[in-house]
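What follows is a short report on a single structure.
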Amino acid sequence: MPNLSKVILPELPYLRRFARSMTGRQESGDAYVASVLEAIIADPSVFPKDQSPRCALYHVFLKTWESVSINHRPEIAETNGRVAVADRRLDALAPRARQAFLLVAVEGFSAVEGSQILGVSLGEFKGLIDQASREIAEQVATEILIIEDEPLIAMDLESIVTSIGHVVQGIARTRSEAVAAFRANRPSLILADIQLADGSSGLDAVNDVLGDAPVPVIFITAFPEQLLTGLRPEPTFLIPKPFRSETVKAVISQALFFDMKARAQKAA
């Protein structure tokens, strides 16, 4: 394919987002993306010519992911009970089902495109989506703070969050309201808009509260590319506006999985 770099470059911010969803960390995700680029440079034939450039890029990424054996086996230090429980919860979503769900719900691929990326039939892919949806619905509920200045969007988020069993402890419209709500209720997860009603920043509000207690944060913004530049630390979990309910559900589950695993490993 001529000018391969030109067709890949616009897709890299989104591939990096997907990689972070798979690994739970910016550094690990970027390392996988770098491996993908190295593989394509070394052998351009690994880049499928019968798929769109974006589908082909994700296909190569998942082939790279599958080639690393550590992604297919439990971690070694299983003697600590909390670590073992965290691993079982994280692995409760079968790897292929999680990949399929992320491709559709977070990355916006169609079922046909997702089946091409994973190299399975359309029927198999739809089966993976159904499996992931059931497993996500079975995860443990938690308490969530919503930082959002648009009432209708806040209500929509609250409806999505409660529909999958979580509890909304508060809705904040400004930086000061967010800090007060967090300190009063101590939620386990935050959904935060970037621009708030009084001109303050959701980023600043989150930085204020994370000094009190580290919790996973999912940022929501109409301009995700502004936060995916690679020039500074970036949010691990990011939802573009306008969002879909499936996206919010999937990203909440991912954030809680990785937070639970990290806490258990820290306590080991």
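The values are calculated or read from the model by the stated rules, or taken from the named source; none is laboratory data. The model shown is predicted, which means the values in this text are computed figures rather than measured ones. All Cβ positions, glycine included, derive from the backbone under ideal geometry; neighbour counts span all protein chains shown.
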Practice prompt. Keeping to segment 198-209, report how many residues are surrounded by 15 or more Cβ atoms within 10 Å (Cβ to Cβ) and in a loop (DSSP other than H, G, I, E, B).
Written response: 1
Discussion item. Could you tell me how many of the residues in segment 187-197 are in contact with an Asp or Glu (Cβ under 8 Å, 6 or more places away or on another chain) and not in a strand (DSSP E or B)?
Written reply: 4
Response to the item:
Residues of segment 5-52 being surrounded by 13 or more Cβ atoms within 10 Å (Cβ to Cβ) and either of a type in the set (V, I, T) or assigned by TED's automatic domain parsing to the domain that holds A262 (or both), in sequence order, are V7, I8, T23, V33, V36, I40, V46
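Okay, residues lined up against (1) closer than 30 Å to A180 by Cβ; (2) at pLDDT 85 or above; (3) in contact with a Gly (Cβ under 6 Å, 6 or more places away or on another chain):
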site	(1), (2), (3)
P74	no, no, no
V83	no, no, no
D91	no, no, no
A94	no, no, no
A97	no, yes, no
S115	no, yes, no
I129	no, no, no
E148	yes, yes, no
D156	yes, yes, no
Discussion item. Condition check: surrounded by fewer than 21 Cβ atoms within 10 Å (Cβ to Cβ) and in a helix (DSSP H, G or I). Does D149 satisfy that?
Written reply: no
Worksheet, complete the sentence: Apart from one, (1) assigned to a loop (DSSP other than H, G, I, E, B); (2) hydrophobic (A, V, I, L, M, F, W, C); (3) modelled with pLDDT of 95 or more all hold for V140; the odd one out is (3)
Practice prompt. Kindly indicate whether any position in segment 218-226 is modelled with pLDDT of 90 or more, in contact with a helix residue (DSSP H, G or I) (Cβ under 6 Å, 6 or more places away or on another chain) and within 17 Å of R17 (Cα to Cα).
Written response: yes
Worksheet item: Of the residues that make up segment 166-185, is at least one surrounded by fewer than 16 Cβ atoms within 10 Å (Cβ to Cβ) and at pLDDT below 90?
Response: no
Worksheet item: For the subset of segment 186-197 comprising residues that are surrounded by 22 or more Cβ atoms within 10 Å (Cβ to Cβ) and not aliphatic (A, V, I, L, M), which member is farthest from E148 (Cα to Cα)?
Response: P187
Worksheet item: Looking at R54, is it modelled with pLDDT under 90 and either in a helix (DSSP H, G or I) or in contact with a Lys or Arg (Cβ under 7 Å, 6 or more places away or on another chain) (or both)?
Response: no
